[in-house]
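Everything on this sheet refers to the single structure shown next.
FYI, it's all coordinate maths here, none of it is from the lab. If you're wondering where the values come from, they're calculated on a predicted model, not measured in any experiment. Cβ atoms come from the backbone with ideal geometry, glycine included; neighbour counts cover every protein chain shown.
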Amino acid sequence: MNSLLGLIIQIINLYQFVLIIYIIATWLVSFNIINTSNRFVYSVMKTLYRLCEPSLRYIRQFLPSFGSIDISPIIVYLLLWFL
């Protein structure tokens with residue numbers, strides 16, 4: 001039981017790390033520092049999108065619109081942190 005709890009905690013920590021990488025990568029793409037026409041960057045962004053977007057999409061359903069500001073990654077990160 002104790003090892004199962006440790007495994008779940010490690011998976012949550014790994015997902016938090018992936019979420020932070022996704023946030024930083026989307027900022028870099030938005031500011032045109034990295035370009036998604038590069039095949040490696042595109043494949044990394046596609047993988048990060050597939051990992052992070054389902055949880056972010058679920059949170060976005062309940063959040064009001066803040067214009068162009070998306071706070072769903074912050075909400076997901078805080079929810080994972082409180083677990």
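Pull out a ≥ b ≥ c, the square roots of the eigenvalues of the alpha-carbon gyration tensor of segment 2-82, then state rounded if a/c is under 1.5, prolate if not and a/b is larger than b/c, and oblate in the remaining case. Oblate, since a/c reaches 1.5 and b/c is not below a/b. Using a 10 angstrom cutoff on alpha carbons, build the Gaussian network for the chain and name the most mobile of 54, 64, 73. Ranking 54, 64, 73 by mean-square fluctuation puts 64 first. Counting only alpha carbon atoms, the long axis of helix 72-82 and the longest principal axis of the chain meet at about 20°. Helix 2-30 and the long axis of the chain differ in direction by around 10°, with both axes built from C-alpha atoms.
Footprinting exposure proxy ranking of 22, 15, fewest other C-beta atoms within 10 angstrom first, gives 15, 22.
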